[in-house]
Every structure is written in C-alpha cells, then in structure tokens.
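Report on the following structure.
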Amino acid sequence: MGGFKVRRQETVFVVPEIPTKNESIVLSNIDDQPGVRVQAVVIMSFKGRQLEEGKNDDPAKVIKQALAKTLVYYYPFAGRIRPVAAGNNQKLIVDCNNKGALFIEADANVTLEEIQTQILPPCPLLGELLYDVPGSSGIIGCPLLLFQVTRLLCGGYILAIRFNHTMCDMLGFMQFLYAMVELSRGAQEPSIMPVWQRELLCARYPPKVTCTHHEYEKAKDKTYELVKEGGSNMNQEGFFFGPEKIEAIRNHLPSNLRHSCSSFEVLCACVWRCRVLALQPDPEDIVQFSMTVSVRENNIIVLPLGYYGNSFVSPAITTKAKELMHDTSLAYALQLVKESRDKANEEYAKSMIDYMVMEGMPNYYKQNLSWMATNLTRKGLEFVDFGWGSPSYSGVPKGTSLVSTFTRFKDANKKDVIAVVLELPKEALLRFRKELGRFVGDVSRPIFARSRL
C-alpha cells in the first residue's frame, strides 16, 4: 500500500448545536465493569453519488453537522468520564460538560474500488482511516467519540468511528447513529428519543449472586496466560463465511441439528472447536466459550424504548478440551453454544450485576483457552445512509485475542458474508486455517472489488 496517502485537516471538537445540561450522571454496573472499559471501533465505506440539486455533497460537512445536532439529544456523549473516587475499578460517572467529540476531515488519493478489500478486517489501513489523536484513547477524562470522514477520489468516502464502550454497546450506539442519519436528512428530532435511566441495570439491594459466572476471572488459574495483545508473536486474520461455507459446516452436523440453529450458532461452534484444536491444549484442560446476549433484544429485562446503555450479559460454559478433539465434536460444541445462549435469562442478568458489586468488579477471564463471540450481523450497520446510499462494507476493523466480533456484508454476488476476526499466535493461526479447511475447504478471502495498489 505504498501509494496510499491520507491528508488530514486539523482535529476539531464538535459540541452540541445548542447548550445542554451541565450535570454529573451515573453509569450502570454493566456500563462500568472493567471488561467494558475499552474503545470500540466501526468502519463503513460508501460509494459516490450523483449530485442532487440543493444537497450538500461533502460527506464530512453533512456528518459533522448531524453530529452537532445529535449531541443536543445525546449530550452525555459530549462529556467526559471520571471515577467517583481514586483507585482501581471504582464506580464511573459522566460529567456532562459540553466539551465535545473529536472530528477529523481527511482526503485520500485513491478510489473506493482500489482499497475496498483492504477495508475488510483486520483492516491494515485503520491507522490512516481513523487517526489516534494523541491523548484521546483513554477511558477516563478523554473524548467519548472520535469521527473521521475520509473523502475518496471517486466521490465516495470512509466513515470510521471510535466510541467509549462504557457509554453504550453496539445496539445503543446504533440508536445514536440512526439519530444522526435522521437529523442529517431533515428530521426535526430523532424518532426514538434517548433514555438514560442507568439505575435500571444497577445492583439489587442487597445484592445476591444466584448463578455461576465463569466468564469472570475470580478464582481462575493462570496456567495458560495469553501472549500480550499486540505482541510480536500475535497475528490477526479475517475469516469469511458465505452461504456455501455455512452450509458446508451444517453438513458436518447430524441431520436433526443441521437446520435447528442459526448461522451465528453454527459458526460459533465451528470456530470455537477449530480455535481450541489450534491452541493444542492438554486434553484435560478446561476450555471456555461465551457469547454476548442483549437483555433488550431478547426481552430478558424490559427497558424503556430509547435506553442506550450497555445491556448485555455473556454467560460462559466450560468443558474439557478432549471433548472437542474428536471428529464428531461439532455437534457437542453446538450444544454448548446453545447452552451459553439459554443461560441468559433475567435472573442470570441480575445475578451478574450483583456479582460485579460483591466481587469488586472483576474483569473477564483473560486466558487463551477462553473465547467470547459477539454477534453484530443484525444490528443495522449495513443500513446507515447519510444520503450516499447504504455502505458497501460496514463492521469492526479488528479483533482481540479473547473476543471475536461477527459482522456481515455483501460480496460481489450480493450474497451475505459473515466476517470473523481471530487474534492468535502465528503458528496457531496456521493450525486454525487447517482445521477450518476440514469443514469449508477453501478459506481464502472474498473479493468484491479489484485492488490496483
């Protein structure tokens, strides 16, 4: 990519279009748990459009104006997070102070067709398409939003956004983003008004832990500690599953199971099994899987329309590695994946919130035989339209060693493809490709645009 260059303008702060409340508000016990104190990133690519009479054809200006309008309603995003008191893992609050969100306008010397395949995860261009403004990437005291709009020679553009995960999950962020879309296209106010009410997902009084929460690190041994993320031995690779590959995986299941589960569940079972084998654990080692389940989407806890805080649980299941090592273990893996999903009920969610308080806010279990899957394939990223049409790609640009996010896009044949990113030691990734190939054959990347660089 030696010919790829991005010219950025000076970073600016975007504040609410009109003054908003100046107050301090508390996050929920799901929001401020240590495992959510991270920055989340999404990236979307848009083709050019024919100029409509009276329309602003500069996507940076359109999106910047929409952000200022939306921050009037979602004014906490213009604030800063701080702990209630000094020390690790303290309760977090948001100071709503109108300091604003970061915004970058940029121009690149390429067309979308030339870089479309490089936007797929793990996106090698991310550092240019979303500049890490010095001092902005922390959780405490830093801007809660960073937008970069990169215009392309073809009239299209790349929109990359980073948001502080303590403020919301992807479902909540999509509510914010859709409000931006509506206001950019002439709406007087969002169709769904934001609701804070984070006390609805705070601990009971007195707190009471009634379930086992394997997904957290308390009382776990550290025998198989991960290589530090970003270390020299760790590599990321994207794997892509179209309808044919998903059907090929289903064909390895008993006939009574092939179509009794979602594509996400099938992929979780297959990727988890291949990942375990790639890590070459001792057969007696305990391996762990968890998936994030939204309490809102599944009516586990009824929350008001417009609530945009984190609202998910991640029930973990465990088994011995040897149970995933034989040829017929895909069905067993699928059974455990379904068990993880089914554990997510109202009592589990309330117990998890209480667990946060009673156990001093533990982090997720960080060990390489533990893996978490997050499903973003139906959160609506693919329908974001600021006037240039829906994105040709939308999703997350990277993964982590412990968490893989599943996103969806259309390939050259307009077929749905699910993208999954894994971060593993280089040798383990090679073994993973070999194991995956036993199910799907060809594991190469899909091509939906030619690269000329």
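The values are calculated or read from the model by the stated rules, or taken from the named source; none is laboratory data. Since the model is a prediction, treat every value here as computed from it, not as a measurement. Here the Cβ positions follow ideal geometry from the backbone for every residue, glycine too, while neighbour counts run over all protein chains shown.
Among the charged types (D, E, K, R), more than 25 Å from Ser263 (Cα to Cα), outside any loop (DSSP other than H, G, I, E, B) and at pLDDT 90 or above - does that describe any residue in the range 372-385?
no
Filter the range 350-397 down to residues that are free of Cβ contacts under 8 Å to residues at least 60 places away in the same chain and either over 23 Å from Leu130 (Cβ atoms) or crowded, with 19+ Cβ neighbours inside 10 Å (or both), then give me how many there are.
Residues in the range 350-397 being free of Cβ contacts under 8 Å to residues at least 60 places away in the same chain and either over 23 Å from Leu130 (Cβ atoms) or crowded, with 19+ Cβ neighbours inside 10 Å (or both): 2 in total.
So is Leu277 modelled with pLDDT under 95 and hydrophobic (A, V, I, L, M, F, W, C) or not?
So Leu277 does not fit the description; no.
Among the residues of the range 389-406, is any of a type in the set (D, E, K, R), in a loop (DSSP other than H, G, I, E, B), touching a Gly at 6+ places or on another chain (Cβ under 7 Å) and outside the structural domain of Asp58 (by TED's automatic domain parsing)?
Among the residues of the range 389-406, not one is of a type in the set (D, E, K, R), in a loop (DSSP other than H, G, I, E, B), touching a Gly at 6+ places or on another chain (Cβ under 7 Å) and outside the structural domain of Asp58 (by TED's automatic domain parsing), which makes the answer no.
Output the number of the condition that Glu339 fails; it satisfies all remaining conditions of (1) assigned to a helix (DSSP H, G or I); (2) buried (at least 17 other Cβ atoms within 10 Å of the Cβ); (3) touching a strand residue (DSSP E or B) at 6+ places or on another chain (Cβ under 6 Å).
(2)
Restricting attention to strands (runs of 3 or more DSSP E) lying wholly within the range 11-130, give those where 2 or more residues are closer than 29 Å to Val420 by Cα and in contact with a helix residue (DSSP H, G or I) (Cβ under 9 Å, 6 or more places away or on another chain).
39-46, 101-108
Looking only at residues in the range 250-283 that are touching a Lys or Arg at 6+ places or on another chain (Cβ under 6 Å) and outside any helix (DSSP H, G or I), which one is surrounded by the fewest Cβ atoms within 10 Å (Cβ to Cβ)?
Going through the qualifying residues, I end up with Pro283.
Between a residue in the range 121-140 that is in the same structural domain as Ala106 (by TED's automatic domain parsing) and closer than 17 Å to Ser394 by Cα and any residue that is among the small types (Gly, Ala, Ser) and part of a loop (DSSP other than H, G, I, E, B), which pairs come within a Cβ distance under 9 Å, given they are 6 or more apart or on different chains?
Partner pairs satisfying both residue conditions: Pro121/Gly399; Pro122/Gly399.
Just one of Val181, Val149 is β-branched (Val, Ile, Thr), assigned to a helix (DSSP H, G or I) and touching a residue at least 12 places away in the same chain (Cβ under 8 Å); which is it?
After applying the criteria, what remains is Val181.
I'd like to know if the range 152-160 contains one or more residues that are over 25 Å from Asp411 (Cβ atoms) and surrounded by fewer than 17 Cβ atoms within 10 Å (Cβ to Cβ).
no
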